[in-house]
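Structure, as C-alpha coordinates:
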Amino acid sequence: MNDESSDTERPVSRTPPAVAVVDAQSPGNVGTIARAMKNFGFENLLLVDPPELDPDGEAYGYAGHAREDILPNAEEVSFDHLAENYHTIGCTAVTNEDDRGHIRFPYSTPADLADRLPTVDAPTALVFGRERVGLTNEELSRIDEICSIPANAEYPVLNLGQAATITLYELRGLALADDDTQLPDLERVRAPEPTVDRLYDQWAALLEEINRPEEKRDKTMRMLRRVFGRADLTEREANTLLGLLRRATERPAED
(Lines give C-alpha, C1' and ligand atoms only; values in the text may rest on other atoms or scores of the structure.)
Protein backbone atom coordinates (compact mmCIF):
# COMPACT_ATOMS: atom_id res chain seq x y z
CA MET A 1 0.00 0.00 0.00
CA ASN A 2 1.80 3.13 -1.19
CA ASP A 3 1.45 6.28 0.90
CA GLU A 4 0.23 9.41 -0.87
CA SER A 5 1.01 12.73 0.79
CA SER A 6 -1.92 15.00 1.59
CA ASP A 7 -2.28 18.69 2.30
CA THR A 8 -5.05 18.02 4.79
CA GLU A 9 -4.31 18.38 8.47
CA ARG A 10 -2.89 15.18 9.94
CA PRO A 11 -4.40 13.70 13.09
CA VAL A 12 -2.71 14.53 16.35
CA SER A 13 -2.39 10.87 17.30
CA ARG A 14 -2.33 7.70 15.25
CA THR A 15 -2.50 3.99 15.95
CA PRO A 16 1.07 2.68 16.44
CA PRO A 17 2.43 0.47 13.64
CA ALA A 18 1.43 -3.17 13.56
CA VAL A 19 4.22 -5.74 13.82
CA ALA A 20 4.17 -8.47 11.19
CA VAL A 21 6.30 -11.63 11.30
CA VAL A 22 6.60 -13.64 8.10
CA ASP A 23 7.11 -17.41 8.21
CA ALA A 24 8.96 -17.55 11.54
CA GLN A 25 10.30 -21.04 12.20
CA SER A 26 10.77 -20.74 15.96
CA PRO A 27 7.79 -20.20 18.27
CA GLY A 28 10.28 -18.74 20.76
CA ASN A 29 11.10 -15.88 18.41
CA VAL A 30 7.42 -15.06 18.03
CA GLY A 31 7.15 -14.96 21.81
CA THR A 32 10.25 -12.76 22.09
CA ILE A 33 8.81 -10.29 19.59
CA ALA A 34 5.49 -10.22 21.45
CA ARG A 35 7.36 -9.46 24.67
CA ALA A 36 9.29 -6.61 23.00
CA MET A 37 5.99 -5.23 21.74
CA LYS A 38 4.64 -5.24 25.29
CA ASN A 39 7.83 -3.54 26.54
CA PHE A 40 7.55 -0.67 24.10
CA GLY A 41 3.81 -0.15 23.77
CA PHE A 42 2.92 -1.96 20.54
CA GLU A 43 -0.22 -4.12 20.49
CA ASN A 44 -1.11 -5.39 17.02
CA LEU A 45 0.78 -8.58 16.08
CA LEU A 46 0.24 -9.99 12.58
CA LEU A 47 1.53 -13.46 11.67
CA VAL A 48 2.11 -14.77 8.15
CA ASP A 49 2.48 -18.58 8.00
CA PRO A 50 3.35 -18.85 11.70
CA PRO A 51 4.55 -21.96 13.54
CA GLU A 52 2.17 -23.60 15.97
CA LEU A 53 1.86 -21.42 19.06
CA ASP A 54 1.09 -23.85 21.86
CA PRO A 55 -0.09 -22.06 25.04
CA ASP A 56 2.15 -24.46 26.96
CA GLY A 57 5.08 -24.09 24.59
CA GLU A 58 8.02 -21.81 23.79
CA ALA A 59 6.14 -18.85 22.38
CA TYR A 60 4.09 -18.29 25.51
CA GLY A 61 7.08 -19.10 27.70
CA TYR A 62 9.17 -16.37 26.05
CA ALA A 63 6.37 -13.81 25.84
CA GLY A 64 6.30 -12.72 29.48
CA HIS A 65 3.20 -10.63 30.19
CA ALA A 66 2.51 -10.46 26.44
CA ARG A 67 1.11 -13.98 26.82
CA GLU A 68 -1.96 -12.37 28.37
CA ASP A 69 -2.99 -10.15 25.45
CA ILE A 70 -0.63 -9.59 22.50
CA LEU A 71 0.12 -13.22 21.71
CA PRO A 72 -3.39 -14.69 22.09
CA ASN A 73 -4.81 -11.74 20.12
CA ALA A 74 -2.32 -12.11 17.25
CA GLU A 75 -4.01 -12.18 13.84
CA GLU A 76 -2.96 -14.63 11.15
CA VAL A 77 -2.93 -12.92 7.75
CA SER A 78 -1.53 -13.48 4.27
CA PHE A 79 1.37 -11.56 2.77
CA ASP A 80 -1.07 -10.26 0.18
CA HIS A 81 -3.16 -8.79 3.00
CA LEU A 82 -0.12 -6.95 4.37
CA ALA A 83 0.85 -5.52 1.00
CA GLU A 84 -2.68 -4.43 0.15
CA ASN A 85 -3.76 -2.94 3.49
CA TYR A 86 -0.68 -1.40 5.08
CA HIS A 87 2.17 0.96 4.37
CA THR A 88 4.83 -1.69 4.88
CA ILE A 89 8.37 -1.32 6.19
CA GLY A 90 10.50 -4.37 5.55
CA CYS A 91 13.29 -4.95 8.09
CA THR A 92 16.43 -6.50 6.61
CA ALA A 93 20.12 -6.70 7.52
CA VAL A 94 21.35 -6.75 3.92
CA THR A 95 20.69 -3.51 2.02
CA ASN A 96 22.82 -3.98 -1.12
CA GLU A 97 23.98 -0.38 -0.95
CA ASP A 98 23.91 0.34 -4.65
CA ASP A 99 21.44 2.65 -6.34
CA ARG A 100 21.31 0.23 -9.28
CA GLY A 101 19.51 -2.28 -7.04
CA HIS A 102 16.07 -0.91 -6.19
CA ILE A 103 14.68 -3.87 -4.27
CA ARG A 104 16.69 -3.30 -1.10
CA PHE A 105 17.82 0.27 -1.71
CA PRO A 106 17.35 3.01 -0.54
CA TYR A 107 16.73 2.25 3.10
CA SER A 108 16.19 3.94 6.49
CA THR A 109 17.48 3.14 9.94
CA PRO A 110 15.01 2.68 12.82
CA ALA A 111 16.02 6.12 14.14
CA ASP A 112 15.17 7.64 10.74
CA LEU A 113 11.78 5.95 10.83
CA ALA A 114 11.06 7.30 14.31
CA ASP A 115 11.24 10.82 12.88
CA ARG A 116 9.40 10.15 9.62
CA LEU A 117 6.67 7.57 10.28
CA PRO A 118 4.43 10.03 12.16
CA THR A 119 3.96 11.81 8.81
CA VAL A 120 2.76 8.67 7.00
CA ASP A 121 -1.01 9.06 6.81
CA ALA A 122 -1.84 5.37 6.46
CA PRO A 123 -1.95 2.19 8.60
CA THR A 124 1.66 0.99 8.88
CA ALA A 125 3.26 -2.38 9.54
CA LEU A 126 6.83 -3.29 10.44
CA VAL A 127 7.56 -6.53 8.60
CA PHE A 128 10.16 -9.02 9.87
CA GLY A 129 11.18 -12.12 7.93
CA ARG A 130 12.48 -15.60 8.56
CA GLU A 131 15.29 -16.45 10.94
CA ARG A 132 17.79 -17.61 8.33
CA VAL A 133 16.93 -15.76 5.11
CA GLY A 134 14.76 -12.87 6.24
CA LEU A 135 12.45 -11.46 3.59
CA THR A 136 12.92 -12.65 0.03
CA ASN A 137 13.63 -10.21 -2.79
CA GLU A 138 10.18 -10.99 -4.19
CA GLU A 139 8.57 -10.03 -0.88
CA LEU A 140 10.73 -6.91 -0.57
CA SER A 141 9.70 -5.85 -4.06
CA ARG A 142 6.10 -5.58 -2.78
CA ILE A 143 7.03 -3.63 0.34
CA ASP A 144 6.90 0.17 0.46
CA GLU A 145 10.22 0.87 2.16
CA ILE A 146 13.21 -0.83 3.75
CA CYS A 147 14.65 -0.49 7.25
CA SER A 148 18.05 -1.75 8.39
CA ILE A 149 19.81 -1.62 11.76
CA PRO A 150 23.37 -0.22 11.56
CA ALA A 151 25.70 -3.02 12.67
CA ASN A 152 29.23 -4.32 12.25
CA ALA A 153 29.87 -4.71 8.50
CA GLU A 154 31.73 -7.96 9.20
CA TYR A 155 28.63 -9.49 10.80
CA PRO A 156 25.48 -7.39 10.42
CA VAL A 157 22.96 -10.24 10.67
CA LEU A 158 20.90 -10.16 13.86
CA ASN A 159 18.71 -12.79 15.46
CA LEU A 160 15.06 -12.21 14.52
CA GLY A 161 14.04 -11.46 18.10
CA GLN A 162 17.00 -9.11 18.60
CA ALA A 163 16.26 -7.18 15.40
CA ALA A 164 12.63 -6.69 16.35
CA THR A 165 13.51 -5.63 19.90
CA ILE A 166 16.03 -3.01 18.72
CA THR A 167 13.65 -1.65 16.08
CA LEU A 168 10.71 -1.42 18.47
CA TYR A 169 12.88 0.29 21.08
CA GLU A 170 13.89 2.96 18.56
CA LEU A 171 10.23 3.44 17.56
CA ARG A 172 8.79 3.41 21.09
CA GLY A 173 7.89 7.10 20.77
CA LEU A 174 5.21 6.09 18.25
CA ALA A 175 3.50 3.96 20.90
CA LEU A 176 4.42 5.43 24.30
CA ALA A 177 4.28 8.96 25.61
CA ASP A 178 7.13 10.03 27.92
CA ASP A 179 4.88 9.75 30.97
CA ASP A 180 3.95 6.17 30.01
CA THR A 181 7.45 4.83 30.75
CA GLN A 182 8.91 3.79 34.09
CA LEU A 183 11.58 6.51 33.92
CA PRO A 184 11.17 9.49 36.26
CA ASP A 185 10.92 13.07 35.06
CA LEU A 186 14.39 13.91 33.75
CA GLU A 187 13.99 17.67 34.06
CA ARG A 188 16.35 19.00 36.70
CA VAL A 189 15.37 21.99 38.82
CA ARG A 190 18.46 24.04 39.63
CA ALA A 191 18.98 25.05 43.24
CA PRO A 192 17.95 28.65 44.03
CA GLU A 193 20.80 31.11 43.61
CA PRO A 194 20.80 32.12 47.33
CA THR A 195 21.39 28.46 48.24
CA VAL A 196 24.23 28.17 45.72
CA ASP A 197 25.73 31.42 47.03
CA ARG A 198 25.67 30.02 50.59
CA LEU A 199 27.50 26.98 49.26
CA TYR A 200 30.25 29.17 47.82
CA ASP A 201 30.43 31.15 51.08
CA GLN A 202 30.84 27.90 52.99
CA TRP A 203 33.63 26.82 50.65
CA ALA A 204 35.37 30.14 51.23
CA ALA A 205 35.06 29.66 55.00
CA LEU A 206 36.53 26.17 54.73
CA LEU A 207 39.49 27.37 52.66
CA GLU A 208 40.17 30.00 55.31
CA GLU A 209 39.79 27.47 58.13
CA ILE A 210 42.30 25.04 56.62
CA ASN A 211 44.73 27.90 55.96
CA ARG A 212 44.67 27.62 52.20
CA PRO A 213 47.27 30.18 51.05
CA GLU A 214 45.44 33.43 50.46
CA GLU A 215 46.92 33.94 47.00
CA LYS A 216 45.42 30.58 45.92
CA ARG A 217 41.93 31.04 47.33
CA ASP A 218 40.53 33.15 44.48
CA LYS A 219 41.78 30.65 41.90
CA THR A 220 40.28 27.76 43.89
CA MET A 221 36.94 29.54 44.17
CA ARG A 222 36.85 30.21 40.42
CA MET A 223 37.47 26.51 39.80
CA LEU A 224 34.68 25.52 42.21
CA ARG A 225 32.25 27.92 40.55
CA ARG A 226 33.00 26.38 37.17
CA VAL A 227 32.57 22.84 38.50
CA PHE A 228 29.27 23.53 40.25
CA GLY A 229 28.06 25.69 37.36
CA ARG A 230 28.42 22.71 35.01
CA ALA A 231 26.78 20.39 37.55
CA ASP A 232 23.50 22.37 37.83
CA LEU A 233 23.05 21.28 41.43
CA THR A 234 19.55 20.59 42.68
CA GLU A 235 18.46 22.17 45.96
CA ARG A 236 18.82 18.86 47.77
CA GLU A 237 22.33 18.33 46.42
CA ALA A 238 23.38 21.86 47.36
CA ASN A 239 21.98 21.54 50.89
CA THR A 240 23.70 18.18 51.38
CA LEU A 241 27.04 19.68 50.37
CA LEU A 242 26.41 22.67 52.62
CA GLY A 243 25.92 20.38 55.61
CA LEU A 244 29.11 18.45 54.87
CA LEU A 245 31.13 21.64 54.41
CA ARG A 246 29.85 23.07 57.71
CA ARG A 247 30.94 19.92 59.51
CA ALA A 248 34.33 20.06 57.82
CA THR A 249 34.73 23.76 58.68
CA GLU A 250 33.85 23.21 62.33
CA ARG A 251 36.03 20.09 62.74
CA PRO A 252 39.41 21.94 63.06
CA ALA A 253 37.97 24.12 65.83
CA GLU A 254 36.80 21.01 67.67
CA ASP A 255 40.31 19.52 67.51
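Here is how the numbers come out for the structure above:
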read-out	value
Restricting region 232-254 to residues that are out of contact with any Leu (no Cβ under 9 Å at 6 or more places or on another chain) and aliphatic (A, V, I, L, M), the residue that is surrounded by the most Cβ atoms within 10 Å (Cβ to Cβ)	L244
Scope region 135-175; condition of a type in the set (G, A, S), under 24 Å from D121 (Cβ atoms) and in contact with a helix residue (DSSP H, G or I) (Cβ under 8 Å, 6 or more places away or on another chain); matching residues	G173, A175
Selection count where residues are within 20 Å of the chain's Cα centre (by Cα) and either among the small types (G, A, S) or surrounded by 13 or more Cβ atoms within 10 Å (Cβ to Cβ) (or both), scope region 121-155	10
Checking G229 against (1) modelled with pLDDT of 90 or more; (2) surrounded by fewer than 12 Cβ atoms within 10 Å (Cβ to Cβ); (3) closer than 13 Å to L199 by Cα, the condition it does not meet	(1)
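The values are calculated or read from the model by the stated rules, or taken from the named source; none is laboratory data. Not measured: the values here are computed from a predicted model. Methodologically, a virtual Cβ is constructed for each residue, glycine included, from the backbone with ideal geometry; neighbour enumeration extends over all protein chains shown.
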